[in-house]
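Take a look at the structure set out below.
Any read-out appearing in this document is the output of simple, stated calculations on the displayed coordinates, not a laboratory observation. These figures come from a predicted structure and were not determined experimentally. We place every Cβ from the backbone using ideal geometry, glycine too, and count neighbours over all the protein chains shown.
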Amino acid sequence: MNVKRWSIPVERTYEAPEGTGGAPRAIRSDRRVDLVERDGRFHVYVDGRMVVHKEHEGELTFGIGRFGCVISRTVDDWELSVGGKRIGDFPSVFPVALHTNPPPPPEAEAAPIRLHVSPRLIALVATLFAIVAAVQLLSSRSSSAPAPEWHEVRSSSGRYGAELPGTPDEKSGTHTSGAMTLTLHEQSARVADRGAFGVLWADLPTNADGTLPIRDDELVTMCTLATNAFLAGATGFVASPADLQVADKSAVREPSAVGCQVAGTAERAWRFADLLSSTALHPRRLRVEVRGTVIGARLYVRAVVVESDGASGADARRFFNGVKIDPAG
């Protein structure tokens, strides 16, 4: 693309002709007019800004303020007139640059910045501040609320004792996976927003040959059913039971007992206070730990889902150490 550029300063101040009845009008004396040709097409810039112009019979017409301007072709040059007065030529000997791409237009003077704030925007900002203040208040109340006290609970039907916070919930349900069906009984509780803790138990069905289902795969299936049942009951704390990312799922065989274990992480349910924390974009992961033990013909499961901080870790250790199984009732 061939580009030619000519420049000429407007060095005089022009007033309206006498007798027009109006106050004198003037344009600044330091204006600069650029005439740019790109591949045969002309463009007009005033102080570095392209202006709209019209082409008619060899003339380019445009405006500076209230003044009409004309660039007309003479025999050898282009002539610039402002307000009907000729002020100079764009001589053909004026420096001409040939470029493969058009040079940037001359820098324009910075226009004054005018801010207009609408009443609706002010109302919106005020509403947002009110919401943030409310979130901070709710968050501070939540964090300052005392955690429920731990106390010992006993289950006569389950034949165990445990330490749990607050008032535990109790429920029962039947759960199936393949050929395995368990009726799980659960007693669980939560510590504020730090964790959920539960004891689950089930009487084991016997196989067709009268043996207990204690093969490794059967033990893992039983622990999986108990884990799913426990997480489903903690939906106010866990975002989705199906979100469990398992790090370990295995059978456990010790000299005195057999059992199973599940360990992994789950996504914490979103809270309103997360608006003020990084968890709004990166939800916090919760630690899930499930330990199952077969005693006699009964499966006992201790399950926790907690935050990964120190306080929650202490709660988990207290819970695991506080469960005491009494097979004799």
Segment T127-K85, extension gain: residue separation times 0.36 nm, minus the distance between their alpha carbons: 9.3 nm
How do K249, K171, K54 line up, fewest other C-beta atoms within 10 Å first? K54, K171, K249
Just order 196-203, 177-184, 234-241 by mean Cβ neighbour count inside 10 Å, highest at the front, would you? 196-203, 234-241, 177-184
In whole Å, how far is the Cα centre of segment 204-223 from that of segment 156-171? 25 Å
Just rank S188, S72, fewest to most, by other beta-carbon atoms within 10 angstrom. S72, S188
In whole Å, largest first, the alpha carbons of segment 149-325 cover along the principal axes 59, 33, 29
Calculate I(q)/I(0) for segment 199-247 by the Debye formula, one identical point scatterer on each C-alpha and no solvent, and give its log10 at q = 0.15, 0.16, 0.26 Å⁻¹ to two decimals. -0.51, -0.56, -1.01
Taking the Cβ of S250 as the centre, find all other residues whose Cβ is under 14 Å away and add up their charges (Lys, Arg: +1; Asp, Glu: -1). -2
